[in-house]
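Before any comments, here is the structure.
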Amino acid sequence: MSLRIASACALLLLALGGPARADERPRRLNLLVVTADDMNADSGGWNGSTLGATPNLDAFAKTAHRFVNSHVTVPICQPGRSALMTGRVPHRNGALGFNPIRRDVPTLVEVLRDSGYYTAVVAKAAHMAPAEKFPWHAVGEQSLGKQPAKFAEKFREMLAAAAKDGKPFFVNANICDPHRPFINGTGKKVKADEPLGGARVFKPAEVTVPAFLEDLPRVREEVAQYYSSVSRFDVAFGLVMKELAAAGRDADTVVVFLSDHGMSFPFSKATVYYNGTWSPVLVRVPGQKESQTRSEMVSSVDVMPSVLELLGVKPPAGMDGRSWVPLLKGEAQPDRDFVVTHVNTVSSGKSFAQRCVRTKDRALMFQGWVGGPDKFRVEAMSGLSFAAMNASTDERIRARVKQLVDGESLMLFDTTADPAERKNLIRDPMYAADVAALSKKLRAHMKRTEDPQTKAFEAALAKN
(Lines give C-alpha, C1' and ligand atoms only; values in the text may rest on other atoms or scores of the structure.)
Protein backbone atom coordinates (compact mmCIF):
# COMPACT_ATOMS: atom_id res chain seq x y z
CA MET A 1 0.00 0.00 0.00
CA SER A 2 1.44 3.36 -1.01
CA LEU A 3 2.02 6.12 1.55
CA ARG A 4 -0.23 8.42 -0.52
CA ILE A 5 -3.17 6.02 -0.33
CA ALA A 6 -2.62 5.24 3.36
CA SER A 7 -2.49 8.93 4.21
CA ALA A 8 -5.60 9.65 2.17
CA CYS A 9 -7.58 6.92 3.93
CA ALA A 10 -6.44 8.12 7.37
CA LEU A 11 -7.28 11.74 6.67
CA LEU A 12 -10.68 10.85 5.27
CA LEU A 13 -11.61 8.73 8.26
CA LEU A 14 -10.55 11.57 10.56
CA ALA A 15 -12.65 14.03 8.57
CA LEU A 16 -15.68 11.74 8.83
CA GLY A 17 -15.14 11.23 12.53
CA GLY A 18 -13.28 7.91 12.58
CA PRO A 19 -10.76 7.09 15.30
CA ALA A 20 -7.07 6.76 14.47
CA ARG A 21 -4.07 5.57 16.46
CA ALA A 22 -0.66 7.06 15.87
CA ASP A 23 1.01 3.66 16.28
CA GLU A 24 -1.32 1.86 13.87
CA ARG A 25 -0.73 1.74 10.14
CA PRO A 26 -3.98 2.43 8.26
CA ARG A 27 -5.54 -0.63 6.67
CA ARG A 28 -6.91 -0.40 3.16
CA LEU A 29 -10.67 -0.24 3.12
CA ASN A 30 -12.77 -2.79 1.28
CA LEU A 31 -15.81 -1.98 -0.85
CA LEU A 32 -19.16 -3.77 -0.99
CA VAL A 33 -21.73 -2.42 -3.43
CA VAL A 34 -25.14 -4.08 -3.03
CA THR A 35 -27.89 -3.44 -5.56
CA ALA A 36 -31.55 -4.33 -5.65
CA ASP A 37 -33.12 -5.08 -9.02
CA ASP A 38 -36.14 -2.93 -9.94
CA MET A 39 -37.02 -1.79 -6.40
CA ASN A 40 -38.86 1.46 -5.84
CA ALA A 41 -37.26 3.98 -3.50
CA ASP A 42 -40.19 4.04 -1.10
CA SER A 43 -40.57 0.26 -0.77
CA GLY A 44 -38.29 0.23 2.27
CA GLY A 45 -39.62 0.99 5.72
CA TRP A 46 -36.73 3.38 6.31
CA ASN A 47 -38.09 5.53 3.47
CA GLY A 48 -41.82 5.49 4.13
CA SER A 49 -43.30 2.03 3.58
CA THR A 50 -45.42 0.69 6.46
CA LEU A 51 -45.62 -2.92 5.19
CA GLY A 52 -42.59 -4.18 7.09
CA ALA A 53 -41.09 -5.89 4.05
CA THR A 54 -37.51 -4.70 4.64
CA PRO A 55 -36.39 -5.06 8.29
CA ASN A 56 -32.78 -5.82 7.32
CA LEU A 57 -32.44 -2.89 4.95
CA ASP A 58 -34.13 -0.64 7.51
CA ALA A 59 -31.61 -1.65 10.18
CA PHE A 60 -28.73 -0.91 7.81
CA ALA A 61 -30.21 2.48 6.87
CA LYS A 62 -30.07 3.57 10.51
CA THR A 63 -26.29 3.12 10.44
CA ALA A 64 -25.69 4.67 7.00
CA HIS A 65 -25.54 8.09 5.41
CA ARG A 66 -28.69 8.55 3.33
CA PHE A 67 -28.71 10.47 0.05
CA VAL A 68 -32.48 10.70 -0.23
CA ASN A 69 -32.61 12.74 -3.45
CA SER A 70 -30.40 10.47 -5.52
CA HIS A 71 -31.53 9.50 -9.02
CA VAL A 72 -30.05 6.90 -11.32
CA THR A 73 -28.64 8.28 -14.55
CA VAL A 74 -30.42 5.61 -16.61
CA PRO A 75 -33.47 3.68 -15.29
CA ILE A 76 -32.78 0.49 -17.29
CA CYS A 77 -30.71 -2.51 -16.18
CA GLN A 78 -27.67 -2.71 -18.48
CA PRO A 79 -27.18 0.95 -19.43
CA GLY A 80 -27.83 1.89 -15.80
CA ARG A 81 -25.11 -0.43 -14.53
CA SER A 82 -22.78 0.79 -17.27
CA ALA A 83 -23.23 4.36 -16.00
CA LEU A 84 -22.75 3.26 -12.38
CA MET A 85 -19.52 1.42 -13.20
CA THR A 86 -17.99 4.16 -15.38
CA GLY A 87 -19.18 7.39 -13.76
CA ARG A 88 -20.26 8.52 -17.22
CA VAL A 89 -23.60 9.28 -18.85
CA PRO A 90 -24.63 6.74 -21.50
CA HIS A 91 -23.70 8.70 -24.62
CA ARG A 92 -20.22 9.19 -23.15
CA ASN A 93 -19.61 5.58 -22.12
CA GLY A 94 -21.09 4.03 -25.26
CA ALA A 95 -23.82 1.91 -23.68
CA LEU A 96 -26.96 3.64 -24.91
CA GLY A 97 -28.92 0.45 -24.35
CA PHE A 98 -28.14 -3.24 -24.06
CA ASN A 99 -24.80 -2.88 -25.77
CA PRO A 100 -21.20 -2.80 -24.50
CA ILE A 101 -19.39 0.28 -23.25
CA ARG A 102 -16.52 1.66 -25.31
CA ARG A 103 -13.18 -0.03 -24.73
CA ASP A 104 -11.42 3.26 -24.01
CA VAL A 105 -13.67 4.01 -21.01
CA PRO A 106 -12.20 3.00 -17.60
CA THR A 107 -14.42 1.00 -15.25
CA LEU A 108 -14.52 0.80 -11.47
CA VAL A 109 -13.52 -2.86 -11.71
CA GLU A 110 -10.40 -2.06 -13.76
CA VAL A 111 -9.36 0.82 -11.52
CA LEU A 112 -9.65 -1.20 -8.31
CA ARG A 113 -8.09 -4.36 -9.72
CA ASP A 114 -5.14 -2.30 -10.95
CA SER A 115 -4.90 -0.86 -7.43
CA GLY A 116 -4.48 -4.31 -5.91
CA TYR A 117 -8.08 -5.22 -5.09
CA TYR A 118 -9.67 -8.65 -5.34
CA THR A 119 -12.77 -8.02 -7.48
CA ALA A 120 -15.88 -10.20 -7.57
CA VAL A 121 -19.50 -10.01 -8.65
CA VAL A 122 -22.60 -12.01 -7.80
CA ALA A 123 -25.24 -11.97 -10.58
CA LYS A 124 -25.78 -9.37 -13.32
CA ALA A 125 -22.28 -9.88 -14.76
CA ALA A 126 -23.80 -10.20 -18.23
CA HIS A 127 -25.15 -6.65 -17.89
CA MET A 128 -21.61 -5.30 -17.60
CA ALA A 129 -19.99 -5.64 -21.01
CA PRO A 130 -17.66 -6.26 -22.73
CA ALA A 131 -16.25 -8.84 -20.34
CA GLU A 132 -12.66 -7.64 -20.72
CA LYS A 133 -13.65 -4.23 -19.30
CA PHE A 134 -14.96 -5.92 -16.16
CA PRO A 135 -12.06 -8.21 -15.16
CA TRP A 136 -13.56 -9.90 -12.11
CA HIS A 137 -11.46 -12.43 -10.21
CA ALA A 138 -14.66 -14.34 -9.45
CA VAL A 139 -18.20 -14.36 -10.88
CA GLY A 140 -21.29 -15.73 -9.14
CA GLU A 141 -23.85 -16.97 -11.63
CA GLN A 142 -27.12 -15.19 -12.39
CA SER A 143 -29.24 -18.01 -10.97
CA LEU A 144 -28.11 -17.09 -7.43
CA GLY A 145 -29.84 -13.72 -7.61
CA LYS A 146 -33.18 -14.97 -6.25
CA GLN A 147 -31.83 -17.65 -3.89
CA PRO A 148 -30.87 -15.83 -0.68
CA ALA A 149 -29.01 -18.65 1.08
CA LYS A 150 -26.96 -19.63 -1.97
CA PHE A 151 -26.29 -15.97 -2.75
CA ALA A 152 -24.87 -15.44 0.74
CA GLU A 153 -22.82 -18.63 0.48
CA LYS A 154 -21.16 -17.38 -2.71
CA PHE A 155 -20.45 -14.03 -1.05
CA ARG A 156 -18.81 -15.88 1.86
CA GLU A 157 -16.57 -17.75 -0.60
CA MET A 158 -15.50 -14.47 -2.18
CA LEU A 159 -14.56 -12.94 1.17
CA ALA A 160 -12.50 -16.02 1.96
CA ALA A 161 -10.74 -15.88 -1.41
CA ALA A 162 -9.79 -12.23 -0.90
CA ALA A 163 -8.46 -13.01 2.58
CA LYS A 164 -6.44 -15.95 1.24
CA ASP A 165 -4.87 -13.68 -1.40
CA GLY A 166 -4.16 -11.03 1.22
CA LYS A 167 -5.97 -8.37 -0.80
CA PRO A 168 -8.62 -5.78 -0.02
CA PHE A 169 -11.84 -6.63 -1.85
CA PHE A 170 -14.44 -5.03 -4.06
CA VAL A 171 -17.57 -7.17 -4.28
CA ASN A 172 -20.59 -6.12 -6.32
CA ALA A 173 -23.49 -8.12 -4.86
CA ASN A 174 -26.48 -7.81 -7.19
CA ILE A 175 -29.63 -9.24 -5.64
CA CYS A 176 -32.09 -9.96 -8.47
CA ASP A 177 -35.30 -9.23 -6.55
CA PRO A 178 -37.80 -7.70 -6.97
CA HIS A 179 -37.24 -8.01 -10.75
CA ARG A 180 -39.96 -9.83 -12.69
CA PRO A 181 -41.15 -12.58 -12.50
CA PHE A 182 -42.54 -11.79 -9.06
CA ILE A 183 -43.40 -14.26 -6.32
CA ASN A 184 -46.96 -15.41 -6.85
CA GLY A 185 -48.38 -13.87 -3.69
CA THR A 186 -52.02 -13.43 -4.66
CA GLY A 187 -53.51 -15.14 -1.62
CA LYS A 188 -53.79 -18.43 -3.50
CA LYS A 189 -51.50 -21.32 -2.61
CA VAL A 190 -47.96 -20.44 -3.66
CA LYS A 191 -46.56 -22.84 -6.24
CA ALA A 192 -44.65 -25.71 -4.65
CA ASP A 193 -41.51 -24.92 -6.63
CA GLU A 194 -41.55 -21.21 -5.78
CA PRO A 195 -38.15 -20.34 -4.23
CA LEU A 196 -39.38 -18.18 -1.35
CA GLY A 197 -36.11 -18.24 0.59
CA GLY A 198 -37.83 -17.14 3.79
CA ALA A 199 -39.72 -14.23 2.20
CA ARG A 200 -43.03 -12.98 3.51
CA VAL A 201 -45.87 -13.43 1.02
CA PHE A 202 -48.22 -10.44 0.87
CA LYS A 203 -51.90 -10.54 -0.03
CA PRO A 204 -53.55 -7.85 -2.18
CA ALA A 205 -55.56 -6.50 0.75
CA GLU A 206 -52.36 -5.83 2.72
CA VAL A 207 -50.63 -3.51 0.28
CA THR A 208 -51.03 0.12 -0.70
CA VAL A 209 -51.03 0.82 -4.43
CA PRO A 210 -48.52 3.58 -5.25
CA ALA A 211 -50.16 6.89 -6.17
CA PHE A 212 -48.64 6.93 -9.66
CA LEU A 213 -50.57 3.73 -10.49
CA GLU A 214 -54.31 3.01 -10.48
CA ASP A 215 -55.97 1.15 -7.60
CA LEU A 216 -57.57 -1.57 -9.73
CA PRO A 217 -57.93 -5.19 -8.53
CA ARG A 218 -55.34 -6.59 -10.94
CA VAL A 219 -52.92 -3.77 -10.20
CA ARG A 220 -53.28 -4.42 -6.47
CA GLU A 221 -52.69 -8.13 -7.10
CA GLU A 222 -49.45 -7.42 -8.93
CA VAL A 223 -48.28 -4.91 -6.32
CA ALA A 224 -48.70 -7.67 -3.70
CA GLN A 225 -46.56 -9.99 -5.82
CA TYR A 226 -43.97 -7.24 -6.11
CA TYR A 227 -43.79 -6.67 -2.33
CA SER A 228 -43.39 -10.42 -1.75
CA SER A 229 -40.33 -10.22 -3.99
CA VAL A 230 -39.13 -7.14 -2.08
CA SER A 231 -39.28 -9.27 1.08
CA ARG A 232 -37.10 -11.93 -0.55
CA PHE A 233 -34.62 -9.22 -1.54
CA ASP A 234 -34.46 -8.17 2.10
CA VAL A 235 -33.76 -11.72 3.25
CA ALA A 236 -30.79 -11.88 0.87
CA PHE A 237 -29.56 -8.45 1.97
CA GLY A 238 -29.69 -9.47 5.61
CA LEU A 239 -27.73 -12.67 4.96
CA VAL A 240 -25.04 -10.76 3.05
CA MET A 241 -24.61 -8.31 5.92
CA LYS A 242 -24.38 -11.21 8.39
CA GLU A 243 -21.64 -12.81 6.32
CA LEU A 244 -19.72 -9.54 6.23
CA ALA A 245 -19.88 -9.28 10.00
CA ALA A 246 -19.05 -12.98 10.54
CA ALA A 247 -15.89 -12.54 8.47
CA GLY A 248 -14.89 -9.61 10.68
CA ARG A 249 -14.93 -7.24 7.70
CA ASP A 250 -17.79 -4.88 8.55
CA ALA A 251 -15.35 -2.64 10.45
CA ASP A 252 -13.10 -2.02 7.44
CA THR A 253 -15.59 -2.11 4.56
CA VAL A 254 -17.36 0.77 2.85
CA VAL A 255 -20.88 -0.53 2.12
CA VAL A 256 -23.02 1.13 -0.56
CA PHE A 257 -26.63 0.23 -1.34
CA LEU A 258 -28.92 1.40 -4.11
CA SER A 259 -31.52 -0.01 -6.47
CA ASP A 260 -30.65 0.03 -10.16
CA HIS A 261 -33.93 1.94 -10.78
CA GLY A 262 -37.62 1.92 -9.91
CA MET A 263 -40.16 -0.90 -9.93
CA SER A 264 -41.11 -2.68 -13.16
CA PHE A 265 -44.49 -1.01 -13.55
CA PRO A 266 -45.91 1.68 -15.86
CA PHE A 267 -44.52 5.20 -15.25
CA SER A 268 -41.47 3.77 -13.50
CA LYS A 269 -38.74 1.52 -14.96
CA ALA A 270 -37.46 2.60 -18.41
CA THR A 271 -38.94 6.09 -18.03
CA VAL A 272 -37.56 9.36 -16.68
CA TYR A 273 -40.66 9.83 -14.54
CA TYR A 274 -39.88 10.31 -10.86
CA ASN A 275 -40.47 6.72 -9.83
CA GLY A 276 -38.29 5.44 -12.65
CA THR A 277 -35.12 7.21 -11.58
CA TRP A 278 -35.48 7.98 -7.86
CA SER A 279 -33.07 5.67 -6.04
CA PRO A 280 -31.62 6.80 -2.70
CA VAL A 281 -28.04 5.82 -1.95
CA LEU A 282 -27.14 4.43 1.46
CA VAL A 283 -23.45 4.43 2.38
CA ARG A 284 -21.80 3.25 5.56
CA VAL A 285 -18.18 4.31 6.12
CA PRO A 286 -16.00 2.66 8.79
CA GLY A 287 -15.49 4.97 11.76
CA GLN A 288 -18.06 7.52 10.59
CA LYS A 289 -19.77 9.96 12.93
CA GLU A 290 -23.54 9.85 13.32
CA SER A 291 -25.25 9.05 10.05
CA GLN A 292 -26.46 11.96 7.97
CA THR A 293 -29.52 12.48 5.79
CA ARG A 294 -28.40 14.48 2.75
CA SER A 295 -31.00 16.30 0.65
CA GLU A 296 -28.74 17.41 -2.21
CA MET A 297 -29.58 16.15 -5.70
CA VAL A 298 -27.03 13.49 -6.65
CA SER A 299 -26.80 10.90 -9.40
CA SER A 300 -25.61 7.32 -9.85
CA VAL A 301 -22.67 8.59 -11.93
CA ASP A 302 -21.47 10.19 -8.68
CA VAL A 303 -21.01 6.82 -6.98
CA MET A 304 -17.75 5.82 -8.71
CA PRO A 305 -15.83 9.04 -7.95
CA SER A 306 -17.24 8.99 -4.41
CA VAL A 307 -16.18 5.46 -3.50
CA LEU A 308 -12.75 6.00 -5.06
CA GLU A 309 -12.28 9.02 -2.81
CA LEU A 310 -13.39 7.01 0.22
CA LEU A 311 -10.89 4.28 -0.66
CA GLY A 312 -8.07 6.72 -1.37
CA VAL A 313 -7.70 5.54 -4.98
CA LYS A 314 -6.87 8.00 -7.75
CA PRO A 315 -9.88 8.47 -10.05
CA PRO A 316 -9.54 8.13 -13.83
CA ALA A 317 -10.04 11.17 -16.04
CA GLY A 318 -13.25 11.73 -17.96
CA MET A 319 -15.97 10.90 -15.45
CA ASP A 320 -19.16 12.97 -15.58
CA GLY A 321 -20.00 12.32 -11.94
CA ARG A 322 -18.60 14.18 -8.93
CA SER A 323 -17.76 12.82 -5.51
CA TRP A 324 -20.32 13.59 -2.85
CA VAL A 325 -17.80 12.91 -0.05
CA PRO A 326 -17.24 16.67 0.48
CA LEU A 327 -20.94 16.94 1.37
CA LEU A 328 -20.42 14.46 4.20
CA LYS A 329 -17.64 16.69 5.51
CA GLY A 330 -19.91 19.73 5.59
CA GLU A 331 -18.63 21.36 2.43
CA ALA A 332 -20.94 22.98 -0.12
CA GLN A 333 -20.97 21.97 -3.77
CA PRO A 334 -22.43 23.96 -6.68
CA ASP A 335 -25.22 22.63 -8.90
CA ARG A 336 -26.54 20.14 -6.38
CA ASP A 337 -30.05 21.50 -6.84
CA PHE A 338 -30.85 19.49 -9.97
CA VAL A 339 -30.13 16.18 -11.67
CA VAL A 340 -30.35 15.02 -15.31
CA THR A 341 -31.58 11.55 -16.30
CA HIS A 342 -31.58 9.67 -19.60
CA VAL A 343 -33.25 6.87 -21.57
CA ASN A 344 -32.16 5.82 -25.04
CA THR A 345 -32.60 2.26 -26.30
CA VAL A 346 -34.76 -0.14 -24.27
CA SER A 347 -34.61 -3.93 -23.88
CA SER A 348 -36.59 -4.54 -27.09
CA GLY A 349 -33.89 -2.73 -29.07
CA LYS A 350 -36.21 0.16 -29.92
CA SER A 351 -35.21 3.74 -29.28
CA PHE A 352 -37.43 5.74 -26.93
CA ALA A 353 -35.12 8.69 -26.25
CA GLN A 354 -35.99 10.63 -23.08
CA ARG A 355 -34.27 13.30 -21.02
CA CYS A 356 -35.30 14.93 -17.77
CA VAL A 357 -33.89 17.75 -15.68
CA ARG A 358 -35.31 17.52 -12.19
CA THR A 359 -35.20 19.74 -9.11
CA LYS A 360 -36.91 19.10 -5.79
CA ASP A 361 -40.19 20.62 -6.99
CA ARG A 362 -40.11 20.69 -10.81
CA ALA A 363 -39.40 18.27 -13.63
CA LEU A 364 -38.91 19.13 -17.31
CA MET A 365 -39.06 16.09 -19.59
CA PHE A 366 -38.15 15.72 -23.25
CA GLN A 367 -39.40 12.69 -25.17
CA GLY A 368 -37.63 12.45 -28.50
CA TRP A 369 -39.57 9.39 -29.63
CA VAL A 370 -42.92 11.20 -29.82
CA GLY A 371 -44.09 11.49 -33.42
CA GLY A 372 -42.00 8.51 -34.46
CA PRO A 373 -43.17 5.13 -35.80
CA ASP A 374 -43.77 3.43 -32.43
CA LYS A 375 -45.99 3.97 -29.45
CA PHE A 376 -44.21 3.63 -26.13
CA ARG A 377 -43.83 0.01 -25.05
CA VAL A 378 -41.35 -1.44 -22.54
CA GLU A 379 -40.96 -4.59 -20.43
CA ALA A 380 -42.49 -2.86 -17.40
CA MET A 381 -45.83 -2.80 -19.27
CA SER A 382 -45.92 -6.59 -19.74
CA GLY A 383 -47.69 -7.55 -16.52
CA LEU A 384 -51.10 -7.34 -14.91
CA SER A 385 -51.01 -3.62 -14.15
CA PHE A 386 -50.76 -2.09 -17.61
CA ALA A 387 -53.21 -4.65 -19.02
CA ALA A 388 -55.75 -3.60 -16.38
CA MET A 389 -55.17 0.09 -17.01
CA ASN A 390 -55.40 -0.37 -20.78
CA ALA A 391 -58.67 -2.28 -20.48
CA SER A 392 -60.30 0.36 -18.29
CA THR A 393 -63.12 2.52 -19.65
CA ASP A 394 -62.65 5.17 -16.97
CA GLU A 395 -61.83 8.45 -18.74
CA ARG A 396 -59.22 9.45 -16.19
CA ILE A 397 -57.38 6.15 -16.56
CA ARG A 398 -57.70 6.28 -20.36
CA ALA A 399 -56.00 9.70 -20.26
CA ARG A 400 -53.24 8.27 -18.09
CA VAL A 401 -52.64 5.42 -20.56
CA LYS A 402 -52.51 7.94 -23.40
CA GLN A 403 -49.95 9.97 -21.47
CA LEU A 404 -47.71 6.90 -21.33
CA VAL A 405 -48.11 5.34 -24.77
CA ASP A 406 -48.52 8.48 -26.91
CA GLY A 407 -46.53 10.91 -24.80
CA GLU A 408 -45.74 14.55 -25.49
CA SER A 409 -42.46 15.98 -26.72
CA LEU A 410 -42.13 18.35 -23.77
CA MET A 411 -43.69 18.07 -20.34
CA LEU A 412 -43.37 20.14 -17.19
CA PHE A 413 -44.57 18.90 -13.81
CA ASP A 414 -44.98 20.71 -10.52
CA THR A 415 -43.99 17.78 -8.34
CA THR A 416 -45.02 19.48 -5.11
CA ALA A 417 -48.62 19.81 -6.24
CA ASP A 418 -48.54 16.78 -8.53
CA PRO A 419 -46.07 14.16 -7.23
CA ALA A 420 -47.50 11.45 -9.53
CA GLU A 421 -46.71 13.67 -12.55
CA ARG A 422 -50.13 13.56 -14.20
CA LYS A 423 -50.71 17.18 -15.30
CA ASN A 424 -48.49 18.64 -18.02
CA LEU A 425 -47.95 22.37 -17.40
CA ILE A 426 -45.64 23.05 -20.34
CA ARG A 427 -47.99 25.63 -21.85
CA ASP A 428 -49.21 27.17 -18.60
CA PRO A 429 -47.99 30.79 -18.59
CA MET A 430 -47.65 30.69 -14.80
CA TYR A 431 -44.78 28.21 -15.26
CA ALA A 432 -43.02 29.91 -18.18
CA ALA A 433 -40.09 30.97 -15.99
CA ASP A 434 -39.64 27.39 -14.78
CA VAL A 435 -39.62 26.09 -18.35
CA ALA A 436 -36.99 28.65 -19.32
CA ALA A 437 -34.76 27.98 -16.32
CA LEU A 438 -34.92 24.20 -16.60
CA SER A 439 -34.45 24.27 -20.37
CA LYS A 440 -31.28 26.27 -19.87
CA LYS A 441 -29.93 23.69 -17.41
CA LEU A 442 -30.78 20.75 -19.64
CA ARG A 443 -29.38 22.37 -22.78
CA ALA A 444 -26.13 23.17 -20.98
CA HIS A 445 -25.80 19.56 -19.77
CA MET A 446 -26.54 18.20 -23.23
CA LYS A 447 -23.99 20.44 -24.93
CA ARG A 448 -21.33 19.77 -22.30
CA THR A 449 -21.71 16.00 -22.70
CA GLU A 450 -22.22 16.17 -26.49
CA ASP A 451 -25.64 14.55 -26.23
CA PRO A 452 -26.87 13.35 -29.66
CA GLN A 453 -30.40 14.43 -28.69
CA THR A 454 -29.43 18.11 -28.32
CA LYS A 455 -30.74 19.30 -31.69
CA ALA A 456 -33.98 17.37 -31.28
CA PHE A 457 -34.50 18.96 -27.85
CA GLU A 458 -33.84 22.43 -29.22
CA ALA A 459 -36.29 21.79 -32.06
CA ALA A 460 -38.96 20.74 -29.57
CA LEU A 461 -38.38 23.91 -27.57
CA ALA A 462 -38.74 26.02 -30.71
CA LYS A 463 -42.12 24.43 -31.45
CA ASN A 464 -43.41 24.90 -27.91
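The values are calculated or read from the model by the stated rules, or taken from the named source; none is laboratory data. All of these numbers come straight from a predicted model, not from anything done at the bench. Every residue, glycine as well, gets a Cβ built from its backbone with ideal geometry; the counts of neighbours run over all protein chains shown. What goes into the accessible areas is simple: the full protein's heavy atoms, side chains included, and nothing from ligands, DNA or RNA. Shrake-Rupley method; radii C 1.70, N 1.55, O 1.52, S 1.80 Å.
For the stretch 204-224, the set of residues classified as free of Cβ contacts under 8 Å to residues at least 60 places away in the same chain and under 13 Å from residue 383 (Cβ atoms) consists of 220, 224, listed by residue number. Here's a check for you: in the stretch 302-330, which residue that is more than 15 Å from residue 115 (Cβ to Cβ) and among the charged types (D, E, K, R) is surrounded by the fewest Cβ atoms within 10 Å (Cβ to Cβ)? It comes out as 329. Scanning the stretch 199-220 for any residue that is touching a Pro at 6+ places or on another chain (Cβ under 6 Å) and either surrounded by fewer than 22 Cβ atoms within 10 Å (Cβ to Cβ) or among the small types (Gly, Ala, Ser) (or both) turns up nothing.
Criterion applied to 376, 352 was being of a type in the set (Phe, Trp, Tyr), touching a helix residue (DSSP H, G or I) at 6+ places or on another chain (Cβ under 6 Å) and within 23 Å of residue 458 (Cα to Cα), and the one residue passing it is 376. Only residues that are basic (Lys, Arg) and either within 26 Å of the chain's Cα centre (by Cα) or assigned to a loop (DSSP other than H, G, I, E, B) (or both) were counted across the stretch 362-408, and they come to 4.
So which residues in the stretch 331-345 are open to solvent by less than 70 Å² (accessible area, probe 1.4 Å), in a loop (DSSP other than H, G, I, E, B) and not hydrophobic (A, V, I, L, M, F, W, C)? Talk me through it step by step, then tell me what you get.
Step one: filter the stretch 331-345 for residues open to solvent by less than 70 Å² (accessible area, probe 1.4 Å), giving 333, 336, 338-345.
Of the ones still in play, those that are also in a loop (DSSP other than H, G, I, E, B) are 333, 336, 338.
Once the filter is applied, which keeps residues that are open to solvent by less than 70 Å² (accessible area, probe 1.4 Å), in a loop (DSSP other than H, G, I, E, B) and not hydrophobic (A, V, I, L, M, F, W, C), the stretch 331-345 yields 333, 336.
For the stretch 196-224: of the residues being outside any loop (DSSP other than H, G, I, E, B) and under 18 Å from residue 55 (Cα atoms), which is nearest to the chain's Cα centre (by Cα)? Filtering the stretch 196-224 for residues that are outside any loop (DSSP other than H, G, I, E, B) and under 18 Å from residue 55 (Cα atoms), the one nearest to the chain's Cα centre (by Cα) comes out as 224. Applying the criterion of being open to solvent by 80 Å² or more (accessible area, probe 1.4 Å) and in contact (Cβ under 8 Å) with a residue 24 or more places away in the chain to the residues of the stretch 129-159, the residue that is farthest from residue 247 (Cα to Cα) is 132. Scanning the stretch 122-148 for residues that are farther than 18 Å from residue 38 by Cβ and of a type in the set (A, V, I, L, M, F, W, C) gives 129, 131, 134, 136, 138, 139.
Annotation: of all residues in the stretch 346-357 being part of a loop (DSSP other than H, G, I, E, B) and closer than 20 Å to residue 93 by Cα, the one that is least open to solvent (accessible area, probe 1.4 Å) is 346.
Residues that are part of a helix (DSSP H, G or I) and small (Gly, Ala, Ser) were ranked within the stretch 409-437; the one that is nearest to residue 335 (Cα to Cα) is 437. Residue 264 meets each of the listed conditions (1) open to solvent by 10 Å² or more (accessible area, probe 1.4 Å); (2) within 17 Å of the chain's Cα centre (by Cα) apart from (1). (1) more than 24 Å from residue 29 (Cβ to Cβ); (2) open to solvent by 30 Å² or more (accessible area, probe 1.4 Å); (3) not hydroxyl-bearing (Ser, Thr, Tyr): which one isn't true of residue 105, the others all being true? With respect to (1) more than 24 Å from residue 29 (Cβ to Cβ); (2) open to solvent by 30 Å² or more (accessible area, probe 1.4 Å); (3) not hydroxyl-bearing (Ser, Thr, Tyr), residue 105 is out only on (2). Can you work out which of the residues in the stretch 438-454 that are in contact with a Lys or Arg (Cβ under 7 Å, 6 or more places away or on another chain) and not in a helix (DSSP H, G or I) is most open to solvent (accessible area, probe 1.4 Å)? This residue is 453. Within the stretch 370-404, the set of residues being farther than 18 Å from residue 219 by Cα, open to solvent by 20 Å² or more (accessible area, probe 1.4 Å) and among the hydrophobic types (A, V, I, L, M, F, W, C) comprises just one member, 370. For the stretch 59-73, filtering for residues that are crowded, with 24+ Cβ neighbours inside 10 Å and part of a helix (DSSP H, G or I) leaves 0.
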